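This report concerns only the one structure given below.
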Amino acid sequence: MDIAVKQNRECLKEVKRFISKKKWLASGDLYGLPAHCFERIDLPQSNSYTYSDYIVYLINKYKLNNYLEIGISVLKNIYQVASNTKADIYAFDINPLNDEVKLPRDITFFRGNVVVKNDWRALKALNQKHDIIFSDALHSLEGIKAEYDNYYFEQHLADKWIIIYDDAYDHVVKHIQNYIEPRLDVKFRKQIVIEGWVSEDRHPIYIISNREELNEDFKRT
Ligand SMILES: C[S@@+](CC[C@H](N)C(=O)[O-])C[C@H]1O[C@@H](n2cnc3c(N)ncnc32)[C@H](O)[C@@H]1O
């Protein structure tokens, strides 16, 4: 895990600014970046573990090839995954791709709204099997259900899969446990509090997987 932390902190130094104020304000939903986060998005992360560290660590440890991020905002997490892993990256968001950040390699991006079934068609047509999915768009029951139902998660998961839900407060975890878990073969589940995309912004994420071996101990969070 410490290698992922080091690599992620290093690569973030390459990005001077994730988004200009003008572009941020022009987005219908501020790229999901509230004002207090916008002010801090370019500041250095602390050395506490972030969800990006966790994702990079898991991809490299388990040699995962196919990563999907739902809700990519200004590309801060994607930048770290693209810099520090070799996984193919698929991305979905309601906003246009933020062209103010130059990613170190190509990703496959589709613009759409998670609750609109038709918006998933182009991604669905690629017939991908994801090893790991980061769900970070709409954290409501409606959003969680919609991405599962509209994209047919079960058809697009690899044999061994990991799904990470951000902003997984207790009521969100309940939705996942009531709606998603009964539909999948879940062998590992864990809620942890961790830093997010800005330093000192700690909040829970919830991980589910059919990998029994996923017994990581994330003490330094
Ligand atoms: C919290 S941000 C994602 C942060 C990003 N994962 C990161 O760590 O760098 C949430 C993103 O989801 C997008 N979003 C919100 N509602 C959405 C919806 N209904 N469909 C698709 N994307 C949505 C927002 O526009 C925003 O870009």
| The one condition in (1) within 18 Å of Arg111 (Cα to Cα); (2) touching a Lys or Arg at 6+ places or on another chain (Cβ under 7 Å); (3) surrounded by 17 or more Cβ atoms within 10 Å (Cβ to Cβ) that Gln45 fails to fulfil | (1)
| task | Go through the range 189-201 and count every residue that is surrounded by fewer than 13 Cβ atoms within 10 Å (Cβ to Cβ) and not aliphatic (A, V, I, L, M). | result | 1
| query | Tell me, which strands (runs of 3 or more DSSP E) wholly within the range 125-207 include 2 or more residues that are modelled with pLDDT under 95, in contact with a Ser or Thr (Cβ under 7 Å, 6 or more places away or on another chain) and within 13 Å of the ligand (Cβ to nearest atom)? | reply | 188-195
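Looking at the structure I just gave you, is Asp93 near the ligand (Cβ under 10 Å from one of its atoms), farther than 16 Å from Ile163 by Cα and crowded, with 22+ Cβ neighbours inside 10 Å?
Working: near the ligand (Cβ under 10 Å from one of its atoms): yes; farther than 16 Å from Ile163 by Cα: yes; crowded, with 22+ Cβ neighbours inside 10 Å: yes.
Yes.
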| task | Identify, from the list Leu75, Leu12, Leu58, the residue that is more than 24 Å from Leu123 (Cα to Cα) and modelled with pLDDT of 95 or more. | result | Leu12
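Considering only the range 59-67, I want to know if a residue exists there that is under 11 Å from the mean Cα position of the chain (by Cα) and either on the phi < 0 side of the Ramachandran plot or surrounded by fewer than 20 Cβ atoms within 10 Å (Cβ to Cβ) (or both).
In the first step, residues of the range 59-67 are kept if they are under 11 Å from the mean Cα position of the chain (by Cα); the result is 67.
Narrowing the set further to residues that are either on the phi < 0 side of the Ramachandran plot or surrounded by fewer than 20 Cβ atoms within 10 Å (Cβ to Cβ) (or both) leaves 67.
Scanning the range 59-67, I find at least one residue that is under 11 Å from the mean Cα position of the chain (by Cα) and either on the phi < 0 side of the Ramachandran plot or surrounded by fewer than 20 Cβ atoms within 10 Å (Cβ to Cβ) (or both), so the answer is yes.
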| Which of the residues that make up the range 4-35 are more than 15 Å from the ligand (Cβ to nearest atom) and surrounded by fewer than 16 Cβ atoms within 10 Å (Cβ to Cβ)? | Lys6, Glu10, Lys13, Glu14, Lys16, Ser20, Lys21, Lys22
| In the range 61-77, what residues are near the ligand (Cβ under 6 Å from one of its atoms) and of a type in the set (A, V, I, L, M, F, W, C)? | Ile72
| query | Restricting attention to the range 133-156, does a residue exist that is surrounded by 22 or more Cβ atoms within 10 Å (Cβ to Cβ), over 16 Å from Asp88 (Cβ atoms) and polar (S, T, N, Q)? | reply | yes
| note | Residue hits (the range 107-124; away from the ligand (no atom under 13 Å from the Cβ), more than 17 Å from Ile72 (Cβ to Cβ) and touching a helix residue (DSSP H, G or I) at 6+ places or on another chain (Cβ under 9 Å)) are Lys124
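The values are calculated or read from the model by the stated rules, or taken from the named source; none is laboratory data. Quick caveat, the model's predicted, so the values are computed rather than measured. Please note: Cβ atoms are built from the backbone with ideal geometry, for glycine as well, and neighbour counts cover all protein chains shown.
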